[in-house]
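Peer 1: Below you'll find the structure I mean.
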Amino acid sequence: MTESPDRDANVPGRNRRRFPGISSRSYEHPADRSALVALRKLSGFDTVFKTLSGLLPERSLRLLFLSDSVRVGDQQFAHLHAMLRDACYILDLEKVPPMYVNQDPQPNAMCIGLDEPIIVVTTGLVELLDEEEMRAVIGHEVGHALSGHAVYRTILLFLTNLATKVAWIPLGNVAVMAIVTALREWFRKSELSADRAGLLVGQDLQASMRGLMKLAGGNHLHEMNVDAFLKQAEEYESGGDLRDSVLKILNVLPRSHPFTTVRAAELKKWSESRDYQRIMDGHYSRRDEDKDASVSDSFRDSAAHYADSVRTSKDPLMGLVRDIAGGAGDLGGKLRDTVFGSRSNGAGGADGASGSDDSGSAGK
């Protein structure tokens, strides 16, 4: 990492609020925050991971990017360097992480490293996004660095690679993939946290929305619409029957990132929340209070979040969970309707089903 003693002189190019001493707990998704608070409380946690770092290909990765990518600075990709320093200024990150541009047509960015995080963006991403969209992405990666996500991302990359090498060992791959699956579930939540950090840096919700939309549909903004894109997320969540709910779970399990429409909907929801407004008003958790953060409180927040997600979700599976929890009288009928869709006419042609939509029936 490089020191940035004059970073306070790097004031934002437009009027945006700065968050001195902000703790990543302020913007982290509840599931992400509870895991991080618990890990930070573990005695010897830092020592274990420093020891583990000798087993991971971190040095190799650093040398690879140094030798075969372009390091961002005053003389190379200066506009990205200014955005990086600006993001560190907004989130009050004391050291500016090294940042590299890697030749790859696939739009992507990542923050990795055990001892010191490094940020990598691909040429595909640089060419895809405009300045404000890119500012949100760099803020996203700086958010990862501030949260310490780079450590776990590096371990996830290592374990994913290890899983392919031990696939031939009986039960070896199963054990590693169980850990990988759990890490991926956590990491998907950490991406939602970093999206929030990107919004705090850019402070332009539309730019964040456009960036996510471009990741899904490419550089054709004149052909896309944010409201219509968000409607896709609503349709994805509420559409189909129990079979679709299961397919959604299977589709997302191998992914390290949530689906793009889901990320957009989650970020918009958070931008309209009281938590976001409190941060913007200057009321947020401070970094010097992290050591006093309660693990039990964090887990309660996480549990409350998931309970609220089940309560408000429009997903058919979550609806069935609510019915089971509420002691639904006709549970068998609800299960049948959830799995196969509502039927407007049963075998006897009961009039009571006249309000149902037959289009969701099995075989249609």
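Peer 1: Quote to one decimal, in nm, the extra length available between Ser67 and Glu131 on full extension: 0.36 nm per residue of separation minus the C-alpha distance between them.
Peer 2: 20.4 nm
Peer 1: For Asp227 paired with Gln277, estimate the spin-label separation in nm (one decimal), with each label point 7 Å from Cα along the Cα-to-Cβ line.
Peer 2: Computed distance between label sites Asp227 and Gln277 equals 2.3 nm.
Peer 1: I would also like to ask the following. For a Förster distance of 51 Å, can you work out the FRET efficiency between the beta-carbons of His79 and Leu253, rounded to the nearest 0.05?
Peer 2: For R0 = 51 Å, the calculated efficiency reads 0.85.
Since every read-out is calculated from the coordinates, none of them should be taken as a lab result. These figures come from a predicted structure and were not determined experimentally. Quick reminder, even Gly has a Cβ in these numbers, built from the backbone with ideal geometry, and neighbours come from all protein chains shown.
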